[in-house]
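The values are calculated or read from the model by the stated rules, or taken from the named source; none is laboratory data. On a predicted model such as this, the values are computed, not experimentally measured, just so you know. Cβ sites come from the backbone with ideal geometry, for glycine too, and all protein chains shown count toward neighbours. Protein only, heavy atoms only, side chains kept; ligands, DNA and RNA dropped before computing areas. Shrake-Rupley method; radii C 1.70, N 1.55, O 1.52, S 1.80 Å.
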Amino acid sequence: MNIKIMKKRITTVVVGLSTILAPLTLGGVGGGLLLTSCNDFIDVEPQGVISEDLAMSQPDEMVTSAYAKLGDDWYTYPFNLWPYGDVSSDDAMKGGSGTTDTNYHPVEVWSTLTASTPDHMDELWYHFYCSISRCNRALVSLAEYGNAKLGEETTKIREGEVRFLRAHFYFKLVQMWYQVPWVDEEVYKNHTEEQTPNNQFTHEELMDKIVADFKFAYDVLPVTQAQGGRANKIAAAAYLAKCYLTMAWGDGYEASTGVSHINNSYMQEVLKYTEVVKSSSYGYLEDFGDIFLPEYKNSKESIFAVQHSDYQDDNTLYGRANWSNMLNGCWGIWSCGWDFHKPTQNLVNAFKTKDGLPMFNDYNNKTDYPIKGIPTAQKWDPRLFHTVGMPSFPYKYESQYTMTKDNSRTPNTYGYYASMKEVPQRSKGETYDNPWQAFAMNDYVLRYTDVMLMRAEALIETGSLEEARNIINDIRQRAKNSVAKHIAYAADQCDIALYPASYFQTKEQARQCLQWERRLELAMENGRYFDLRRWGIASQTLNKFFEKEKDVVYDGQTYAQYYKDAHFTPAKNEYFPLPYIQLYYVPGLYTQNKGYN
């Protein structure tokens, strides 16, 4: 077995599902070092870990252990999926020191994507199944010890939380790999992980199982929880809406996905569960910029988020930092700004407005970019200045950290823009451990505006266009109100208007407005590719993007020329290939996704 050491943790990488049965440490980070061959186990009592029998007898601690896995990720296996949801799309480039910095380059060009490249996929698969193993153990512990130690009511709530967490991890797995092995508590108890194929259940059946877990959570969880960060009924409703919206468009493969495949009964489920969210105490945070500042991380906008902290908050060496985004700080601004997750010119152009409304058809005909203090006739949606760091503008609103062209690590490859949503303000400090840094930024799993856009999407597809327009205009009004507090320096460059009724006369018009709004509102939040796939337009959007972006120029500097080799192949690239090592750990157990060798 290959042991890979990454700073303050030891993690097993090249393994199969059986290694999930390794001893665990309650709390989620660290653990014992497990050495195995394919057939033999060394029977040595591990040091520094709690015995499994003792752990299983503590059901509440086992639930805590399952929660701890939510944030137990790393830049090579980020649970927020920023490489697979953004770098794979027209919103973001990989960034870094060049195309060979990390192994994510195949994700941004698609044409070289295989079962073994990027090899980071194997780590992601493994750690997702470690997370699911924590959930299964917690469910077994609750079943055996819960009522006696916690009482029947608390036990049922904890079971709902754990099934919510398991469904969350499985949603991510199916989002990535289409068909995956379903390992639940029965498989765990029977030790049949290595006899569980990935095609035991169809993609639709897997989604039904995920929905069943979320429905159980919805039925038993309270509307609010005394402890922040725990799943509640509203979070379960929001996730159910997300599942049904995903299923409503088809299975993700373009031949069986899109407008002609819409399932209206699923769309009605989206409306049902988003109504629950709409009627809750959650709501729009008043200023768009505040959503991405750590001091507002558990605001009414946040329905469910992975909780992170700074070492100063919890008196630990590193805090519960967000290590998934550790590479994504701006070069020269942060102590270790490695300049990954770089916005594209296409994304910047998408924020252009004319008379305050999007330039749907000609936004990308010409490369434009705002320069502070030099307003032009070209105006912009204010959300651009909250989302993209640009030369001449303060980085994350702070004039003492104004960006220049020197704040790009490899401008001839990845240009001059920087991502801002996932990092705090520089003056607020960082969790620093040379050569790495990390941020105390929560990872949103579900935020209120995202859910309301899901509702607007379902309203459009079921014919309620005016109600959808009202939702989208509420979101645009919030953007319009989000200038004075943080980006007053760009006020003379901003112009945004509400959609008139004439833009919502047909489903086709309304759908275009909705899809545009999702892009602008949720840009750089790790989901753009999954939206394109859901709508069945990934190949047409991305191949058009590759053709144009390879010739992009910023102030005389050409970059992104590697897109000349990029191509998205439908009937293949919609999903990622199952990792090579997983395929051959138990030969013949798993079936590779179509199109990949």
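Suppose R0 equals 35 Å; then what is the FRET efficiency for Q200 and N543 from their Cβ-Cβ distance, rounded to the nearest 0.05?
On the way: r = 34 Å, r/R0 = 0.98.
According to the calculation, E is roughly 0.55.
At a 1.4 Å probe, what is the % contribution of carbon and sulfur to the accessible area of the chain?
On the way: 10670 of 21820 Å².
It is 49 percent, rounded to a whole number.
In nm, to one decimal, how far is the H261 label point from the S335 one, both placed 7 Å along Cα→Cβ?
It works out to 4.9 nm between the two label points.
Can you spot the lysines whose alpha carbon is less than 28 Å from K428's alpha carbon? Ignore those fewer than 8 places along the same chain.
Hits, sequence-local ones excluded: K7, K8, K69, K94, K297, K300, K342, K372, K396, K405, K480, K485.
Can you compute the FRET efficiency between T192 and A148 using 1/(1 + (r/R0)^6), with r the Cβ-Cβ distance and R0 = 22 Å? Round to the nearest 0.05. Don't skip to the end; give the middle numbers.
Working: r = 28 Å, r/R0 = 1.28.
Efficiency, rounded to the nearest 0.05: 0.20.
Using 0.36 nm times the number of residues separating Q561 and Q505, minus their current alpha carbon distance, what extension gain do you get? Provide the component values of the computation, followed by the final result.
Values: separation 56, 0.36 × 56 = 20.16 nm, distance 4.02 nm.
In short, 16.1 nm is gained.
Taking 7 Å along the Cα-to-C-beta vector as the label spot, tell me the T114-S427 distance in nanometres, rounded to one decimal.
5.1
Taking Cα pairs under 8 Å and at least six residues apart, what relative contact order does the range 450-597 come out at, in percent? Before the final figure, lay out the partial values.
Values: 116 pairs, mean separation 22.3, N = 148.
So the answer I get is 15 percent.
Tell me the Kirkwood hydrodynamic radius of the range 310-421 in angstroms, computed as one over the mean inverse distance between distinct C-alpha pairs.
Working: mean 1/r = 0.0648 Å⁻¹.
When all Cα pairs of the range 310-421 are included, the Kirkwood radius is 15.4 Å.
Using a probe radius of 1.4 Å on heavy atoms only, what accessible surface per residue do you get for the chain? Whole Å² is fine. Before the final figure, lay out each step's value.
Details: 21820 Å² over 597 residues.
Here the residues of the chain average 37 Å² of exposed surface.
Please state the shape class of the range 157-211: rounded when a/c is under 1.5, otherwise prolate if a/b exceeds b/c and oblate if not, all from the C-alpha gyration tensor. Working shown, then result.
Values: a/c = 2.10, a/b = 1.11, b/c = 1.89.
Oblate, because a/c is 1.5 or more while a/b does not exceed b/c.
If packing is taken as the mean number of other Cβ atoms within 10 Å per residue, what is the order of 262-275, 60-73, 194-207, highest first? Before the final figure, lay out each step's value.
Details: 262-275: 17.8, 60-73: 21.9, 194-207: 15.2.
Output ranking for 262-275, 60-73, 194-207: 60-73, 262-275, 194-207.
Given 20 °C and 1.002 mPa s, compute D for the range 482-570 with the Stokes-Einstein relation, Rh being the Kirkwood radius over Cα pairs; round to the nearest whole µm²/s. Mind dumping the intermediate values first?
Working: Rh = 16.1 Å.
Answer, rounded: 133 µm²/s.
In deg cm²/dmol and to the nearest 500, what is the mean residue ellipticity at 222 nm of the chain if only DSSP H runs of at least 4 residues count, each as -39500 (n - 2.57), divided by the residue total? All intermediate terms of the calculation are to be shown ahead of the outcome.
Working: 20 runs with 216 residues, N = 597.
Theoretical 222 nm ellipticity from helices: -11000 deg cm²/dmol.
Can you give me the distance in nm between label points at N412 and N597, each placed 7 Å from the Cα along the Cα-to-Cβ direction?
3.3
May I ask you to derive the relative contact order of the chain, considering only C-alpha pairs under 8 Å and at least 6 residues apart, and to give it as an integer percent?
On the way: 1115 pairs, mean separation 113.2, N = 597.
Reported as a whole number, the value is 19 percent.
Under a Cβ-Cβ cut-off of 10 Å, what is the net charge of the residues other than K485 that fall near it, where Lys and Arg count +1 and Asp and Glu count -1? List each step's numbers first, then the result.
Working: positive: none; negative: E286, D287, D290.
Here the count lands on -3.
Work out the length of the dipole vector of the chain about its Cα centre, built from +1 on the beta-carbon of each Lys and Arg and -1 on the beta-carbon of each Asp and Glu, and round it to the nearest 20 debye. Could the numbers behind the result be given before it?
Values: 58 positive and 74 negative charges, 255 e Å.
Roughly 1220 debye, rounded to the nearest 20.
According to the square roots a ≥ b ≥ c of the eigenvalues of the Cα gyration tensor, what is the shape class of the range 196-253, taking rounded for a/c under 1.5, prolate for a/b larger than b/c otherwise, and oblate for the remainder?
Numbers: a/c = 3.10, a/b = 1.94, b/c = 1.59.
Note, shape of the range 196-253 comes out prolate.
Classify the range 239-368: rounded, prolate or oblate, from the alpha-carbon gyration tensor (a ≥ b ≥ c, eigenvalue square roots; a/c under 1.5 rounded; otherwise prolate if a/b is larger than b/c)? Show your work: numbers first, answer last.
Numbers: a/c = 1.86, a/b = 1.25, b/c = 1.49.
Oblate, since a/c reaches 1.5 and b/c is not below a/b.
Starting at 0 and stepping by 10 Å, how many percent of the alpha carbon pairs of the range 229-269 end up in each bin?
30, 42, 20, 8
Find the Rg to Rh ratio for the chain, where Rh is the Kirkwood radius over alpha-carbon pairs and Rg uses the same atoms.
Values: Rg = 23.3 Å, Rh = 24.6 Å.
We get a ratio of 0.95 for the chain.
Go from 0 up to the bin containing the longest alpha carbon distance in the range 402-550, width 10 Å each, and give me the % of pairs per bin.
8, 28, 35, 22, 6, 1
Nearest 0.05, what FRET efficiency do A488 and D355 give at R0 = 25 Å with Cβ-Cβ as r? If you can, show how the numbers build up before the last one.
Details: r = 22 Å, r/R0 = 0.90.
So, using R0 = 25 Å, E works out to roughly 0.65.
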